[in-house]
Structure formats: structure tokens, C-alpha cells
Amino acid sequence: MGFIKKVFANDRLREMFRFVVTGGFSFLVDFGLMVFLVEIFHMNELLAAGISFTVSVIVNYLMCVFWVFDATQKSNVLTIIIFIFSSVIGLVLNELFMWILLELYVNYMVAKIISTILVMIWNYIAKRKAITLQNKK
């Protein structure tokens, strides 16, 4: 138990833990909505993946601003613009990876999991930079 307290006493480790929880929740929103759109509405997998990714970005942004990176100001326009820009790049990467994997006849659900893992590193670096940029002013 002392190890756990020590880990959460470290601001960066606590932040990373919160980021992982936020990412996990955002993934559930992304994956769940994509499957729902494909299976219930028979939507094209790439279109469904784009819509679900966009919704999950909004959820992720709100959680990052209000919970993960809680030491930041909440209404910095530059931060929001950078966050959105990094998310658009994440969307492009997500769609690119999905398209490649679907062309290789990978099941769309497996393709989504692989795409999410590949985009996750970009998301952490870019979003952390976007959210904490204002602290360097």
C-alpha cells in the first residue's frame, strides 16, 4: 500500500494514471459507438470510426481539462486550438490505420483496437503539450 501512495504522490505518475483511465473511458465511448453505428445502423466502418472518434475526442478533451491536467487554466483559446488540431491529426491517423487494416481484411473491431493503440502515443504527447502550453507563458 505504501508503494501505491508513493506513486500517487508523484504528480507526473498521477497524471499518467488519470490519462490512462481517461483514455480507457474514451476508448470505450469510441469503440462502443463505432460498433453501435455499424451493427445497428449498418453504417460504413470508416464513417462510423470517424464519427465515434470525434465523439470520443470531445469526451477525452473534457476529461483531460477537468481531471487529468487539472493544474491548467480552463479557458485558454490557444490551448483549445492546439488540442483540436492534434485531435484532427489523430483522426487522420486513425482513419489511415483503419483503412489500411480494412484493406488487409482485418475485422473492423480488431482494426479499431490496433488503430487506437497506434494513435495513443501521438495523443498523449500532443494533448499534454496542448494542455500544458500555457504554463510556459
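Some notes on this structure:
- Phi angles across region 54-60 convert, under the Karplus curve 6.51 cos²θ - 1.76 cosθ + 1.60 with θ = phi - 60°, into 3J(HN,Hα) values of 4, 4, 5, 5, 5, 4, 4 Hz, Gly and Pro given as x.
- Packing-based ranking of 27-37, 47-57, 96-106 yields 47-57, 27-37, 96-106, ordered from highest to lowest mean Cβ neighbour count within 10 Å.
- Applying 0.36 nm per residue to the separation of residue 88 and residue 36 and subtracting their alpha-carbon distance, the gain on full extension is 16.5 nm.
- Residues 15, 45 ordered from highest to lowest accessible area at a 1.4 Å probe: 45, 15.
- Accessible area per residue for region 5-57 is 59 Å², calculated with a 1.4 Å probe on protein heavy atoms, without ligands, DNA or RNA.
- On full extension, the segment bounded by residue 46 and residue 21 gains 6.4 nm, given 0.36 nm per residue less the C-alpha separation.
- Region 42-129 - Debye-derived log10 I(q)/I(0), Cα point model, q = 0.23 Å⁻¹: -1.10
- The label point for residue 110 and the one for residue 28, both projected 7 Å from the Cα toward the Cβ, are 2.5 nm apart.
The values are calculated or read from the model by the stated rules, or taken from the named source; none is laboratory data. Please read these numbers as outputs of a predicted model, since none were measured by experiment. Using ideal geometry, Cβ is built from the backbone for each residue, glycine included, and neighbour counts are taken over all protein chains shown. Just the protein is used for accessible areas: all its heavy atoms, side chains included, with ligands, DNA and RNA removed. Shrake-Rupley method; radii C 1.70, N 1.55, O 1.52, S 1.80 Å.
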